[in-house]
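> Before I ask anything, let me first share the structure, which is written out below as structure tokens.
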Amino acid sequence: MATTVSNVANLTGGINAGNFIETDVDEQLFRFNSDDTPLMNLMLRAKRVKVNSPEVDHYMIDEPAATFKTSSSLSMSYAQQSILPLDANDQNLARPFTTLLVNGVEGYTDNGVTRTPGRWLMLFVTGQDASTNNPVVRAVNGPKKNPSDEFCGVPSIPAGTTVTILANSLYETQKEVDPDLIVPQPTRVYLQKRGMNQVVSDYFESQRKRLPFSKAVIAEQAIANFKVRGNRTLWAGRPGKMKINVPKMGMQYVYTTEGLRWQFKRELAHSGKWTVERLIRLAKMFFTGEDVPKTALLLAGKTLLEQLQCIDYSKHPEIQISQRQNTLGWSVTCIHTVFGDIEIKREPTLDRLGWENCGALIGEDRIVHYVYSTEHSFSDRVDGEEATRNGILIWDAIALKGSCHIWIEGDGNAVAENAFYMWDSEEAPEDADPNTRFLLICDCPGMSPDAKAGQMWTVTKTLSGSGADQKQIDQWSRVDD
């Protein structure tokens, strides 16, 4: 709204122009408070990347894959070489001369007869099969028909077995090797142009000495409102690109950016009461993945914050809770766990968006601030009016890097494909949706004798029996965290 004497008079109860009353005004009322827009302040402190287009190809995961899984089972063979069955997306990860560790499959001693419990099988990639494009492998510590055989065979490998990629191993005179195949998939990020205008009439300016507040205070409040609305956009905006017809300028694009809420690849669909065990499991998932951040910052809604504060920590004296000032200058509550410290900060915007039960566990050093046009201000005379237009323009976007970040969905409305639940019962959950993932807080023999605390398990539905006796049963299997 334009700042004129008439408009201000309307807002103050209809006091006529020229009859403003001097009153005491709490100057803190309009003062900008950085604690009200934590995400925006976090973005402004993040790594800034200047770009030359409002459309950016953003690579969230920089680190190549460390593991893959077999697509089908491989039968035991004493042949010198075997073909390792993989999905098409994983076939090029195992390059020639690479060594692979087959998780959970026991290897053999040098005689090729005695198994080595707990010491896994290792494979050596010799090339790729011309017909299937799968890697051709030889076992380093596999079975032998005769202890004197020079080459090992390959033991049976079940479908879905996790295989870890190790370093390559070259022959004596070799110096050339295939380059690593790193082809990350980008996502398109739109940078949104945001602006704030303030129009001050000349007559208002002439009356300012009689007003109960100055132009500077009004500008401060306008900027605060601009940042609060921008902070909501940084959380909840949806990406878009559309054309509009601008008079005298023709067709132009309008871009809207994607909020941070929709960028998370991992989501905890939480229900029930928070406990120390659940908090530690969350810290474990955050700090022990392939992407290990330096810090953990939890921006939380008010109800989630209350639940975390009400956890009974008396049985875990090793967990320390302290108040401190973090690198951003915020006063935060710090919870110390063996995996790392979690700094907790209330985010009022989550409450305004209806996400008071939710929170974002973010790696502070894993955020990118894309800037197409650096924030700048302007002051112009309004054409045909006795007024001045002051404004701020900025064109930017925020994006997550890495895979450590976790969205805590306290309302159970998870949207990510890799959303998971915490499960703290020895009995398997009933009527679980197919492919739902459960992080076990305790051993769960109801799923499987092998289902141990700290593991992630999922369920698939299979049909058993035939005819009228046919029924659906749950089949549980372990998945990667």
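The values are calculated or read from the model by the stated rules, or taken from the named source; none is laboratory data. Because the structure is a prediction, the values reported are computed rather than measured. Counting neighbours? That spans all protein chains shown, and the Cβs are built from the backbone with ideal geometry, glycine included. Quick note on the areas: whole protein, heavy atoms, side chains included, nothing else; ligands and nucleic acids left out. Shrake-Rupley method; radii C 1.70, N 1.55, O 1.52, S 1.80 Å.
> Do we have Ile344 as closer than 24 Å to Arg437 by Cβ and out of contact with any Lys or Arg (no Cβ under 7 Å at 6 or more places or on another chain) here?
No.
> Taking the range 352-388 as the search range and keeping residues that are among the aliphatic types (A, V, I, L, M) and not in a strand (DSSP E or B), which one is modelled with the highest pLDDT?
Among those that are among the aliphatic types (A, V, I, L, M) and not in a strand (DSSP E or B), it is Leu353.
> Can you tell me which residue among Thr337, Thr349 is crowded, with 18+ Cβ neighbours inside 10 Å, closer than 22 Å to Leu282 by Cα and of a type in the set (S, T, N, Q)?
Selected residue: Thr337, the only one of Thr337, Thr349 that is crowded, with 18+ Cβ neighbours inside 10 Å, closer than 22 Å to Leu282 by Cα and of a type in the set (S, T, N, Q).
> With the range 45-132 as the region, which strands (runs of 3 or more DSSP E) entirely inside it contain at least 2 residues that are surrounded by 14 or more Cβ atoms within 10 Å (Cβ to Cβ) and within 31 Å of the chain's Cα centre (by Cα)?
Result: 55-58, 67-69, 98-108.
> Taking the range 243-255 on its own, how many of its residues are open to solvent by 40 Å² or more (accessible area, probe 1.4 Å) and closer than 30 Å to Asp36 by Cβ?
1
> Considering only residues that are surrounded by fewer than 19 Cβ atoms within 10 Å (Cβ to Cβ), out of contact with any strand residue (DSSP E or B) (no Cβ under 9 Å at 6 or more places or on another chain) and of a type in the set (Ser, Thr, Tyr), which ones fall in the range 402-452?
Residue satisfying the conditions is Ser425 alone.
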